[in-house]
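Let me begin by presenting the structure, written as structure tokens, before commenting on it.
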Amino acid sequence: MLAAQSLELRKDILSLIKRANGGHTGGCLSSIDILVGLYFHALRIDPAMPRDPGRDRFVMSKGHSAEGLYCVLAKAGFFPALVLEQYGRFDSTLYGHPTMNVPGVEMPTGALGHGLAVGVGMALAAKRDGASYRTFVLMGDGEQAEGSVWEAAMAGSHYGLDNLVGIVDYNGLQISGKVDDVMRLSPLGDRWAAFGWKVVQIDGNDMGQVIGALDSVPAKAGSPTLILARTIKGKGVSFIENQVAWHHKVPTDEQYAQAMRELDTAIASAREARV
Amino acid sequence: MEKREMRAVYAQTLIELAKTNEDIVILDADLMHANGAFAFAKAYPERSFNVGVAEANMVGVAAGLSSVGKIPFASTFGSFAGRRDYDQFFISANYARLNVKLVGTDPGVTAKYNGGTHMPFEDLALMRAIPKLVILEPSDPVSLGKLIRKSASYYGCVYLRMQRSPASVLYPESEEFEFGRAKVLREGSDAVLFALGSVMVNESLAAAETLATEGIRAAVVDMVSLKPLDVETVVAQAGKTGRVVTCENGQASGGLSSAVAEAILESGVRAGFARIGVKDEFGEVGTVEYLMERYALRAQDIAAAVRSLA
């Protein structure tokens, strides 16, 4: 029922953004299936012990999708759902980008291009100590223009970190337009492969494929894995999908009501199909 | 006066610490042979990471290592420590409340023939703007060794500004050092020289000697720690002498001079004030001696600054 879970969380995200009157709507909706696959299937974590040394690490390098992460962390039990209502308030611990004040958050992110280097450090320590935890880093596609991503990419393969998994939420849009128009990324998979990563290409909005990719890591012994997740920005709400303007737009009352209706319909179908 | 190579002290101290603390690791951006870290890498290859010429990545990786309990010492030239990895150090290390020790070597004019691209005049000002960061510039081999040990046992980020060439021994081996605690090396009632780092502390001591022959008794204070600043000592010395000269091997704005001026102005104490340091200029190529003359950092420049406050 993970697909239904993702749809429910899309409702949570839109409610959060609507209530706070701000947020990164499009990127949250494109990446939520990946987060659900991670938090409710792949990650070896216990919300009751968020600092357990043996836990898998997850770094949300695309910190702009904080609203999605907060909704998932609450659903997973890292903090009460009530805390979500504080999002966007002056006295809240939930900032527009994740901070260390939020239970379950491993690194403050949102200044793009930082997460993968940190992930390399976490994975490197595990290798040296013989620890079994794995490290996952979710990046945006616009973020791929940051040179620091590629410095870390080099280091990840140089040190043979097959306990490190990079995931790119490849929705093809960024704040000012199409990613390939702003700064061409294509062929992104070939580029990661050339940096020594084993690339796995999936539909990042297909829960079966997300789970399949996460279950198969490391895709190659001795190499870090890069899951290139093709997604649709704004996925799940017809009028938000693939619209550049919805990078950080807030739905009107009418749009919000329509989005909820669309998602409720999809949830009913998902439940019927038991996915 | 006995001199010891600072980079050897750096490596030896970490090697000693690593014997009993398995969490100590070092990172470097391909300058291990220059800054002495190579000796550590030979002793503990499995705890040494040369990440290549990628300073930003070095600090990001150090943050990741720190987040799982390691105590990383990451070293590179001070110019790169300040400029190349500032965002990573700011966010992934400091804002994340992690435990990364960043070591910037070749401070100010000690970058010599590497010239303006490699001459860190700005690192202290940059680092001072990072909340909670501890900033140290030891003046001699004894204080360097002691402060590395303090840094290793302290949980939090540290920026250690370190000359790698030999420096005169100023302290007995038994001397103890604390963050935010300056050392009064010479008492005086007519002026006070607040100095940071080996080059400027030694020049200040020489300047005080010269001034003494003229009947001007200048106190010399080794600041040791730029942040936290020893406000108590600064204010007491400023109040006692009424004439203050700050001496730093870098831009005379944003770093020591600014920190001292802020402390004195806020205290209500009124004192004459002059700055020794680089005055809004880029680095150049030359010997340390030439560059000290070029930027007016010599003992005679310090003495002249004291006289100008008379």
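The values are calculated or read from the model by the stated rules, or taken from the named source; none is laboratory data. Quick caveat, the model's predicted, so the values are computed rather than measured. Note that each Cβ is placed from the backbone with ideal geometry, even for glycine, and that neighbours are counted across all protein chains shown. Surface areas here come from the heavy atoms of the whole protein model, side chains and all, with no ligands, DNA or RNA. Shrake-Rupley method; radii C 1.70, N 1.55, O 1.52, S 1.80 Å.
For region A:148-238, please list each of the helices (runs of 4 or more DSSP H) lying entirely inside it that holds at least 3 residues being more than 22 Å from A:LEU29 (Cα to Cα) and either open to solvent by less than 10 Å² (accessible area, probe 1.4 Å) or of a type in the set (A, V, I, L, M) (or both).
Passing ranges, in order: A:188-194.
Return the pair list, or none, for Cβ contacts closer than 6 Å from residues in region A:126-142 that are among the small types (Gly, Ala, Ser) to residues that are in a loop (DSSP other than H, G, I, E, B) and surrounded by 15 or more Cβ atoms within 10 Å (Cβ to Cβ), at least 6 apart or on different chains.
Matching pairs, first to second residue: A:ALA126/A:TYR133; A:ALA126/A:ASN163; A:GLY140/A:LYS62.
I'd like the full set of residues that are of a type in the set (Lys, Arg), more than 9 Å from every other protein chain (Cβ to nearest Cβ) and either open to solvent by less than 10 Å² (accessible area, probe 1.4 Å) or under 28 Å from A:TYR95 (Cα atoms) (or both), limited to region B:71-114.
Selection gives B:ARG83, B:ARG84, B:LYS101.
For region B:8-34: of the residues being among the charged types (D, E, K, R) and surrounded by fewer than 22 Cβ atoms within 10 Å (Cβ to Cβ), which is nearest to B:GLY69 (Cα to Cα)?
B:ASP23
In the list A:ARG89, A:ARG44, which residue meets the criterion of being modelled with pLDDT under 95, of a type in the set (D, E, K, R), open to solvent by 10 Å² or more (accessible area, probe 1.4 Å) and assigned to a loop (DSSP other than H, G, I, E, B)?
Checking each option against the conditions leaves just A:ARG89.
Which of the residues belonging to region A:110-133 are open to solvent by less than 10 Å² (accessible area, probe 1.4 Å) and facing chain B (nearest Cβ under 8 Å)?
Of everything in region A:110-133, those that are open to solvent by less than 10 Å² (accessible area, probe 1.4 Å) and facing chain B (nearest Cβ under 8 Å) turn out to be A:HIS114, A:LEU116, A:ALA117, A:VAL118, A:GLY119, A:VAL120, A:GLY121, A:MET122, A:ALA123, A:LEU124, A:ALA125, A:ALA126.
Would you tally the residues in region B:35-70 being open to solvent by 20 Å² or more (accessible area, probe 1.4 Å), over 21 Å from A:MET154 (Cβ atoms) and more than 9 Å from chain A (Cβ to nearest Cβ)?
The total comes to 5.
Scanning region A:54-83 for residues that are part of a loop (DSSP other than H, G, I, E, B) and touching a residue at least 24 places away in the same chain (Cβ under 8 Å), which turns out farthest from A:HIS247 (Cα to Cα)?
Here the residue is A:GLY54.
Strands (runs of 3 or more DSSP E) wholly in region B:182-289 with at least 3 residues that are of a type in the set (S, T, N, Q) and under 20 Å from the mean Cα position of the chain (by Cα) - which ones?
Answer list for region B:182-289: B:243-251.
Can you name the number of the only condition in (1) among the polar types (S, T, N, Q); (2) at negative phi; (3) open to solvent by 20 Å² or more (accessible area, probe 1.4 Å) that A:SER65 fails?
The number of the failed condition is (3).
What number goes with the only condition from (1) of a type outside the set (Lys, Arg); (2) part of a loop (DSSP other than H, G, I, E, B); (3) touching a Gly at 6+ places or on another chain (Cβ under 8 Å) that A:MET122 does not pass?
(2)
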